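Please treat every number below as a calculation from the coordinates, not as lab data. Given the structure is predicted, the values throughout are model-derived calculations rather than measurements. Heads up, the Cβs are rebuilt from the backbone with ideal geometry, glycines too, and the neighbour counts pull from every protein chain shown.
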Amino acid sequence: MQETFDKVVRHLFAQGKQAKERDTCRYRTADGLMCAVGCLISDEDYDPSFEGQFVDRLPIRLPHIPLLRELQAIHDIDTAWKSPDRLYRNLKGVATYYPINTDALEEAYANADW
């Protein structure tokens, strides 16, 4: 679970914006953006038919589905992207709930430049 959380938070802070097309969140966009779950799907496993499906309905195996649901929900909330502070607070709440070590979150937040 820790490895999944760390990878997602690093990805989200590095990307600095939602993976959206036409105001709809996507696992992957045509210009290469990926959501919290999309960054965990390999190029070999990804299929455009995944778009519009909830993470627990995807035809591939992903780890820690309850955690991924939470991370996907944070990605999809527009207000979470108003500032790195807001994204940080949302992700910190998930880490506290599970509980997950926040070292990667703290580092990604400190390095956010958007």
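Here is how the numbers come out for the structure above:
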| read-out | value |
| --- | --- |
| Tally, over the stretch 89-114, of residues that are closer than 13 Å to residue 10 by Cβ, assigned to a helix (DSSP H, G or I) and in contact with a helix residue (DSSP H, G or I) (Cβ under 7 Å, 6 or more places away or on another chain) | 5 |
| Residues being in a loop (DSSP other than H, G, I, E, B), out of contact with any Asp or Glu (no Cβ under 6 Å at 6 or more places or on another chain), on the phi < 0 side of the Ramachandran plot and without any contact (Cβ under 8 Å) to a residue 12 or more places away in the chain - total across the stretch 1-35 | 2 |
| Condition broken by residue 81, with the remaining ones in (1) surrounded by fewer than 16 Cβ atoms within 10 Å (Cβ to Cβ); (2) in contact with a Gly (Cβ under 9 Å, 6 or more places away or on another chain) satisfied | (1) |
| Some residue of the stretch 36-56 being of a type in the set (A, V, I, L, M, F, W, C), touching a residue at least 40 places away in the same chain (Cβ under 8 Å), part of a helix (DSSP H, G or I) and in contact with a Lys or Arg (Cβ under 7 Å, 6 or more places away or on another chain) | no |
